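Okay, handing you the structure first.
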């Protein structure tokens, strides 16, 4: 039950990230590596978009 909720939550967050940064293409392997690690996720989005890490962190914090 808890695993299902975590997976559902991850899918929701992943969908939001892909929606916010729709101009960037995120591979499944990249996303899986960053799953559960805010720093890795922020760095991944920064690498793909060039957006500041502070802005990315604030946007991700708002959706989780």
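Can you spot a residue in the stretch 26-36 that is modelled with pLDDT of 95 or more, on the phi < 0 side of the Ramachandran plot and within 9 Å of the chain's Cα centre (by Cα)? Walk me through how you get there before you give the answer.
Narrowing the stretch 26-36 to residues modelled with pLDDT of 95 or more: none.
Scanning the stretch 26-36 turns up no residue that is modelled with pLDDT of 95 or more, on the phi < 0 side of the Ramachandran plot and within 9 Å of the chain's Cα centre (by Cα).
Here's something else I'd like to know. In the stretch 41-64, what residues are surrounded by fewer than 14 Cβ atoms within 10 Å (Cβ to Cβ), part of a helix (DSSP H, G or I) and either at pLDDT 95 or above or touching a strand residue (DSSP E or B) at 6+ places or on another chain (Cβ under 7 Å) (or both)?
Here is the first cut: in the stretch 41-64, the residues surrounded by fewer than 14 Cβ atoms within 10 Å (Cβ to Cβ) are 47, 50, 52-55, 58, 61-64.
Still in the list and also part of a helix (DSSP H, G or I): 47, 53-55, 58, 61-63.
Selection gives 47, 53, 54, 55, 58.
The values are calculated or read from the model by the stated rules, or taken from the named source; none is laboratory data. Everything quoted here is computed from the prediction, not taken from an experiment. Cβ: placed from backbone, ideal geometry, glycine included. Neighbour counts: every protein chain shown.
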